[in-house]
1. Mind checking which aspartates and glutamates have their C-alpha under 15 Å from residue 86, skipping anything on the same chain fewer than 8 residues away?
2. With Cα Rg over 2.2 N^0.38 Å defined as stated, name the option among (1) 1.29; (2) 1.19; (3) 1.06 computed from the structure displayed.
3. What is the magnitude of the charge dipole of the chain about its Cα centre, with +1 placed on the Cβ of each Lys and Arg, -1 on the Cβ of each Asp and Glu, and no other charges, expressed in debye to the nearest 20?
4. With only Lys, Arg, Asp and Glu charged, each at its Cβ (+1 for the first two, -1 for the last two), find how big the charge dipole of the range 1-101 is about the Cα centre; round to the nearest 20 debye.
5. Using only the heavy atoms of the protein chains and a 1.4 Å probe, how would 35, 86 rank by accessible area, largest first?
6. Which helices pass in the chain if a helix is a full DSSP H run, must span at least 20 angstrom along its long axis by Cα, and must have mean Kyte-Doolittle hydropathy not below 0.5?
7. Mind checking which lysines have their Cα closer than 27 Å to the Cα of residue 156? Skip sequence neighbours fewer than 8 apart in that chain.
8. With n ≥ 4 as the cut-off for DSSP H runs, can you work out [θ] at 222 nm for the chain, using -39500 (n - 2.57) per run divided by the number of residues, rounded to the nearest 500?
Amino acid sequence: NQVGQDIFNKLFGCAIVSPAPLPVSIIPYMLTREKSNCDEQQVIDAISQFVVFRVSDQTLMFLHNLIPAWLTDKNKASRKLFIDKKIAGEYLRTVFVEILPFVVNEPLTGPCIDDELKDYVLRVGIRFLCEMGDKNSLNVAYDSLTNYHFLERRMKYGRIDIYRLLKDFRILARHPSLEVTKREIL
């Protein structure tokens, strides 16, 4: 019953469409964002039937590859547990679009975002936004990649080498929906 709640559907959806294992710190962020009255430990306990909490890198991974396949299949998943990948992708895009400006500019006000979640968004956010391809996503990706503070923070975390950063520039610059002038700048 608990896992059938909307917050769990969104959490599982993010884990399914995410290009890399989600950091555990996304749970308190989503609970705050969704104004959920669930306790963080309660959420972790409930999802532990489906995911494993990897202590080594503080991420969530599905116990088996068949679980995401089951959750995204209308015929196999129950109505409460079915995850629509398109809706899940749009939700994760919204989360990235919300978080990136706070990661780049680190304003004094705004949501409290854990360093692990910031690192995650820095590492996978741009590529994910490029894959989504909508104008808002591409503009956020462009604004981030042309922001000195974003580049500085991305290099500072140390998990990203210059070649991955250059690959993100190429991916965005080659995107057909991006304006010509922005492609030239990139």
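The values are calculated or read from the model by the stated rules, or taken from the named source; none is laboratory data. These figures come from a predicted structure and were not determined experimentally. We place every Cβ from the backbone using ideal geometry, glycine too, and count neighbours over all the protein chains shown. Protein only, heavy atoms only, side chains kept; ligands, DNA and RNA dropped before computing areas. Shrake-Rupley method; radii C 1.70, N 1.55, O 1.52, S 1.80 Å.
1. Of all the aspartates and glutamates, those that pass the test against residue 86 - Cα under 15 Å, at least 8 places apart if same chain - are 73, 131, 134.
2. After the calculation, the listed value that fits is (3).
3. Around 620 debye, computed over the chain.
4. Dipole of the range 1-101, to the nearest 20 debye: 380 debye.
5. If we order 35, 86 from most to least accessible, we get 35, 86.
6. 85-105
7. 118, 167, 182
8. That calculation yields -18000 deg cm²/dmol at 222 nm.
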